[in-house]
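Trainee: Quick one: the structure is below, questions incoming.
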């Protein structure tokens, strides 16, 4: 996966996470799951950027 595609996925997931958090609360299980998924993508982005 290239950095541009990864950046797009991060932005989409960030928007989804914010929407879920505002609708269901920041501590809802769905918000936490989205946040964890976003963390994984951000870590992958940082790892690829350093290569």
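Trainee: Treating the angle as unsigned and between 0 and 90°, give the value, to the nearest 10°, between the Cα long axis of helix 29-49 and the longest Cα principal axis of the chain.
Mentor: Helix 29-49 sits roughly 10 degrees off the main axis of the chain.
Trainee: Okay, next question. Could you work out the relative contact order of the chain, using alpha carbon pairs under 8 angstrom and six or more residues apart, expressed as a whole percent? Display every interim value, and only then the final one.
Mentor: On the way: 26 pairs, mean separation 21.3, N = 51.
Relative CO of the chain lands at 42 percent.
Trainee: Quick check on the chain: helices-only [θ] at 222 nm, where DSSP H runs of length 4 and up contribute -39,500 (n - 2.57) each and the sum goes over total residues. Nearest 500, please. Mind showing how you got there, number by number?
Mentor: Numbers: 2 runs with 43 residues, N = 51.
About -29500 deg cm²/dmol.
Trainee: Right, something else. Between helix 3-24 and the chain, what is the angle of the helix's C-alpha long axis to the longest principal axis, kept within 0 to 90° and rounded to the nearest 10?
Mentor: With rounding to tens, the tilt is 10 degrees.
Trainee: The list (i) -0.30, -0.76, -0.95; (ii) -0.28, -0.69, -0.85; (iii) -0.45, -0.91, -1.00 gives values of log10 I(q)/I(0) by the Debye sum over Cα atoms at q = 0.12, 0.21, 0.25 Å⁻¹, and only one came from this structure; which label was calculated from it?
Mentor: From the options (i) -0.30, -0.76, -0.95; (ii) -0.28, -0.69, -0.85; (iii) -0.45, -0.91, -1.00, the structure gives (ii).
Since every read-out is calculated from the coordinates, none of them should be taken as a lab result. Just so we're clear, the structure is a prediction, and the values are computed from it rather than from any experiment.
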